[in-house]
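Asker: Got a structure for you, written out below as structure tokens; questions coming shortly.
The values are calculated or read from the model by the stated rules, or taken from the named source; none is laboratory data. Note that the structure is a prediction, hence the values are computed from the model and not measured. A quick note on method: Cβ atoms are made from the backbone with ideal geometry, for glycine too, and the neighbour counts reach across all protein chains shown. Accessible surface is based on the protein model in full, side chains and every heavy atom, while ligands, DNA and RNA are left aside. Shrake-Rupley method; radii C 1.70, N 1.55, O 1.52, S 1.80 Å.
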Amino acid sequence: MNIHWSSSMIASSGHIITVGNTYTVGQNTNVLLTKHATDGTIIWQVEYNNPDNHEDYGIAVCEDNSGNFY
């Protein structure tokens, strides 16, 4: 997997949240959002591809008061 990280933050939980891009064959560039434990272990990872398979880029990440990431 070819990943390019754009931004990261420390969540209110203390976890590390990163956003960036990855290339998936047949889908072009997709947004990749990852939640890491404090030791760097991946807790979860979500890839977003828009329905038309256009280029998708994650450039920043923020957390709302409910602990959701955008």
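Asker: Take the stretch 42-61 and flag every residue that is more than 11 Å from the chain's Cα centre (by Cα) and open to solvent by 50 Å² or more (accessible area, probe 1.4 Å).
Answerer: Of everything in the stretch 42-61, those that are more than 11 Å from the chain's Cα centre (by Cα) and open to solvent by 50 Å² or more (accessible area, probe 1.4 Å) turn out to be Ile42, Ile43, Pro51, Asp52, Asn53, His54, Glu55.
Asker: So, in the stretch 11-37, how many residues would count as being modelled with pLDDT of 95 or more, exposed (fewer than 12 other Cβ atoms within 10 Å of the Cβ) and β-branched (Val, Ile, Thr)?
Answerer: 0
Asker: Follow-up question, since we're still on this one. In the stretch 11-70, what count of residues is obtained for those that are hydroxyl-bearing (Ser, Thr, Tyr), in contact (Cβ under 8 Å) with a residue 24 or more places away in the chain and in a strand (DSSP E or B)?
Answerer: Number of matching residues: 4.
Asker: Let me ask you something else. Taking the stretch 1-41, which residues are over 14 Å from the mean Cα position of the chain (by Cα) and under 18 Å from Tyr70 (Cα atoms)?
Answerer: Passing the criteria: Ser12, Ser13, Gly14.
Asker: Output the number of the condition that Ile3 fails; it satisfies all remaining conditions of (1) open to solvent by less than 80 Å² (accessible area, probe 1.4 Å); (2) of a type in the set (A, V, I, L, M, F, W, C); (3) at pLDDT below 90; (4) out of contact with any strand residue (DSSP E or B) (no Cβ under 6 Å at 6 or more places or on another chain).
Answerer: Single failed check for Ile3: (4).
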